[in-house]
Amino acid sequence: MHLRNDCLIFKTTGGEEIPCSAEWVTLELMGDAAVHVEPELIRNASAAVLHYFKDELQRSFVSISEFADALEKVLKGLGFHVASEPQAPRISEGDLRHLVTAVDGCELFFFPTLRDELKKRLQDSPQVVAFRGLRGSVKILLGAQRWSAKCQRLADQIVEYMRTCWSSDFGSEKCALVVL
């Protein structure tokens, strides 16, 4: 099979082999981001990847993932931020009810324990630290059966305490705090 100079045969994950222009595949891989990049830069990046596979490696068959990896390296080398695939955020979750039971429902010990737990959750550099069970923990601390104004005040106090600890001691621009 004789290919045009600007083409490779791309192997899909389904096993198909499709002859295609390297520039067209580059545009497809870049998606909507391609409109924010100069067309000449896209042509040069695809030409560099095409040259790498055809001339340096002497290959005309390439998987789409191999091409995408090589294109990513070229674009990074040109100073572009490239995200291969969106990744789920790293989340560290804690349960406030467990902290309350660990201190036998004693409000006096709850706050220092909460601060220690927050510090522990940040050790693995998560993108989100989430604490669940705010309402349940408040009701346990107050011995309440139903939600009341007193419960709301303590819930607000807990959230404010967490925000204060977060911003003054542990705060990070790369991590969010969520209290549910």
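The values are calculated or read from the model by the stated rules, or taken from the named source; none is laboratory data. These figures come from a predicted structure and were not determined experimentally. Neighbour counts are summed over all protein chains in view; Cβ atoms, including those assigned to glycine, are modelled from backbone coordinates with ideal geometry.
Brief remarks on what is shown
- Taken over region 47-70, the residue count meeting the criterion of being in a helix (DSSP H, G or I) and either modelled with pLDDT under 80 or touching a His at 6+ places or on another chain (Cβ under 8 Å) (or both) is 3.
- Scanning region 121-169 for residues that are aliphatic (A, V, I, L, M), within 16 Å of Glu93 (Cα to Cα) and surrounded by fewer than 17 Cβ atoms within 10 Å (Cβ to Cβ) gives Val128, Ala130, Val159.
- The lone criterion from (1) among the charged types (D, E, K, R); (2) more than 14 Å from Leu96 (Cα to Cα); (3) surrounded by 12 or more Cβ atoms within 10 Å (Cβ to Cβ) left unmet by Glu107 is number (2).
- Note on region 103-148: residues that are closer than 19 Å to Val178 by Cβ and part of a loop (DSSP other than H, G, I, E, B) total 4.
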